[in-house]
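Some notes on the structure that comes next.
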Amino acid sequence: MPLPEDPPQAESDALPESPLSEPAAASEPTAEARLREREDLDLLFAELAQPGGETWARAETDILRIWSRSGSAAMDLLYKRGEAALDAGDTVTAIGHLTALTDHAPDFAAGWYLRSVAFYLDGDFGPAIADLGQVLRLEPRHFGALTQLGTILEELGDDRDALVAFRRSLKIHPHQQEAQDAVQRLERKLQGTDA
């Protein structure tokens, strides 16, 4: 037999919220904080893109610092554990931590990027490329993802698409020596074709 509905209560009769319960979004950045972060990133990317600029290294460091913050202490811990496992050469453990991270924080591009690196180091190029695609959907200016994509495509023998990825990365961050070297190498290799 179904239970009868509780009669409506006056607001003063309602139970007070537990002082131990926190709002679900307490650890999430506010919309205002996200907007401020986006504006900061826009300024930093403008600084980074200056070919003759002297402050690009600081801009790069600041961009990477902003990207590495998920807005959740628990997710940041998973990120750090994945990073530590990678540093120790334990790609399997890194992939485990980073998979938990991407499952729980699917909008955190840095988690997808770091997991793509782990897959790449494990020789698993398909999932690495898929994760890089997710990174670029979330943050199209992720120069590290573009450079990593170029590296994988070149290793797979897809020199034309690798060159496109490296060039796109250099438009965003023209100071990357690895990408500069790759463009020169691939242009020489593809010389004489319709590259």
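The values are calculated or read from the model by the stated rules, or taken from the named source; none is laboratory data. The shown structure was predicted, so the numbers you read here are calculated from the model rather than taken from an experiment. Reconstructed Cβ throughout: ideal geometry from the backbone, glycine too, with neighbour counts over all protein chains shown.
Data for the structure
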{"item": "Segment 50-74: number of residues that are surrounded by fewer than 16 Cβ atoms within 10 Å (Cβ to Cβ) and either part of a helix (DSSP H, G or I) or touching a strand residue (DSSP E or B) at 6+ places or on another chain (Cβ under 9 Å) (or both)", "result": "8"}
{"item": "Of the criteria (1) under 24 Å from LEU43 (Cα atoms); (2) of a type in the set (Ser, Thr, Tyr); (3) modelled with pLDDT under 95, which one THR193 fails", "result": "(1)"}
{"item": "Some residue of segment 22-36 being of a type outside the set (A, V, I, L, M, F, W, C) and modelled with pLDDT of 85 or more", "result": "yes"}
{"item": "Filtered residue count, segment 75-91, keeping only those that are aliphatic (A, V, I, L, M), under 14 Å from ALA105 (Cβ atoms) and surrounded by fewer than 19 Cβ atoms within 10 Å (Cβ to Cβ)", "result": "1"}
